[in-house]
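Chemist: The structure under discussion is supplied below as structure tokens; questions concerning it will follow.
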Amino acid sequence: MGEAHYATATTTFSGDFYPCQIANQNYRELPKPDVQIITSGGLRIPAHSSVLASVSSVLENIIDRPLKHRSSERIIPILGVPCDAVASFIRFIYSSRCDEEELEKYGIHLLALSHVYLVPNLKQRCAKAVGQHLTIENVVDVLQLARLCDAPDLYLKCMKLVNGHFKAVQKTEGWKFVQNHDPWLELEILQFIDEAELRKKKSRRHREEQSLYMELSVAMDCLEHICTEGCTSVGPYDMQPTKKRGPCSKFSTCQGIQLLIKHFATCKNRVNGGCSRCKRMWQLLRLHSSICDQLESCKVPLCRQFKLKMQQEKKGDDPLWRLLVKKVASARVMSSLKLLKRKREEQPREMVQDHGLRTFRL
């Protein structure tokens, strides 16, 4: 009964298994198969030792082992996976092809085989295919396989899915199995989740800091604008503000600076240092003085005085203040570069529009 099964299987593979590689110039004239691949289901797949050895160094080492008897048949057992998965694996060795249906159905088994027998091209394709069919139910199982098969891209993709849906993953059988039998993997997952949360908090804090530096940069621009050109209600001492002056492009910030300047000019608690709004104005003036490089022509009040005071008292040596000045100056540079880039992008559009209008006779 078993012999009939083997004979039928061999006939099946000899009929439609090898034509795929005959088109390949290297295998147009294949000799008679000299190796038998045996699967867990007892299926025999005839193969050629030269082809197997040329693709897999592991199979080459197995083939090179001396036989116990000269007349004995050379047999390579590939066990623990479905017969069709082994057939797809051998087919890939001959043709370097594996269709999507096979990858979807046997991707996990082919990934294990390609890792064990060192077939990197198939391993890469399987890892990608398995990653495309991840679910909450199978992600822990695939994660274990990716860890065992040294598939870093698939491992990372699984970890990200676990991190994003951890509450749902905790209810799966795979997670319960890991908790009971693989504490090291459980620890890796929990560490990854903690590190991801720390990175998220760090990224959020960085965005908030950059937003603050950008706001201070805009405040510096508005302060210089008010003291140099004037805005709706506040301007330099030698220029009368006009009611016809419209709001500037940064009026939401500029208006706040104007109100702060008005309060600063009339506050009675400014000298005693008891006013929080005046302290804020002092800080803006000091920050401007630390950034300003136009000592002679600057029209911002107290700019020169702050510079002299910092030189005398050496307050510029404060590392936190130096860092703040550096970050705000960097934000101003980035803002000016973005503005310049936007203007350069708008110029070609305007030229195209003008050219289009000139082609018509009005």
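The values are calculated or read from the model by the stated rules, or taken from the named source; none is laboratory data. Remember, it's a predicted structure, so these values are computed and weren't measured experimentally. As a convention, Cβ positions derive from the backbone with ideal geometry for all residues, glycine included, and neighbour counts pool all protein chains shown. These area figures cover heavy atoms from the full protein model, side chains too; ligands, DNA and RNA do not enter into them. Shrake-Rupley method; radii C 1.70, N 1.55, O 1.52, S 1.80 Å.
Chemist: Expressed as a whole percentage, what fraction of the accessible surface of segment 28-133 belongs to carbon and sulfur atoms when a 1.4 Å probe is rolled over the protein heavy atoms?
Modeler: Carbon and sulfur together cover 49 percent of it.
Chemist: Can you list the residues, at least 5 places off or on another chain, whose amide H is less than 5 Å from the amide H of residue 35, using H built in the peptide plane?
Modeler: The answer is 47, 49.
Chemist: What does the extension gain come out to for residue 263 and residue 337, with contour length at 0.36 nm per residue minus their alpha carbon separation?
Modeler: Stretched out fully, the residue 263 to residue 337 stretch lengthens by 23.3 nm.
Chemist: Arranged from highest to lowest average of other beta-carbon atoms within 10 Å per residue, in what order do the peptides 156-165, 54-63 appear?
Modeler: Ranking, from highest mean packing down: 156-165, 54-63.
Chemist: While we're on this one: Return P(r) of segment 28-133 (all Cα-Cα pairs; 10 Å bins starting at 0; whole %; ordered from short to long distances).
Modeler: The distribution over segment 28-133 is 14, 47, 30, 7, 1, given as percents.
Chemist: Next question. For segment 28-133, with every protein chain kept in place, what is the accessible area per residue (1.4 Å probe, Å²)?
Modeler: Ligands and nucleic acids excluded, the result is 55 Å² per residue.
Chemist: Subtract the Cα-Cα distance of residue 121 and residue 209 from 0.36 nm times their separation in residues, and report this length gain in nm to one decimal.
Modeler: Result: 27.2 nm gained on full extension.
Chemist: Another one. Under 13 Å between alpha carbons, and skipping anything fewer than 8 positions from residue 171 in its own chain: which aspartates and glutamates qualify?
Modeler: Output for residue 171: 137.
Chemist: Tell me, in nm to one decimal, what length is gained between residue 68 and residue 201 on full extension, where the rule is 0.36 nm per residue of separation less the Cα-Cα distance?
Modeler: Net length gain for the segment: 41.5 nm.
Chemist: Next up: Could you name the lysines whose alpha carbon sits less than 27 Å from that of residue 309, not counting residues in the same chain fewer than 8 places away?
Modeler: 262, 268, 279, 299, 326, 327
Chemist: What is segment 105-147's relative contact order, in percent, from Cα pairs under 8 angstrom and six or more apart in sequence?
Modeler: 40 percent
Chemist: Here is a follow-up. Could you name the lysines in cross-link range of residue 176, using Cα to Cα under 30 Å and dropping any fewer than eight places away on the same chain?
Modeler: Leaving aside lysines fewer than 8 places away in the same chain, those within reach of residue 176 are 105, 123, 128, 157, 160, 167, 200, 201.
Chemist: Applying a 10 Å radius around every beta-carbon, put 171-182, 323-334, 111-122 in order of their mean neighbour count, most first. Walk me through the numbers before you get to the answer.
Modeler: On the way: 171-182: 14.2, 323-334: 15.9, 111-122: 19.7.
Result, highest mean first: 111-122, 323-334, 171-182.
Chemist: Per-residue counts of other Cβ atoms within 10 Å, averaged by peptide: what ranking do you get for 183-194, 251-262, highest first?
Modeler: The packing order, highest mean first, is 251-262, 183-194.
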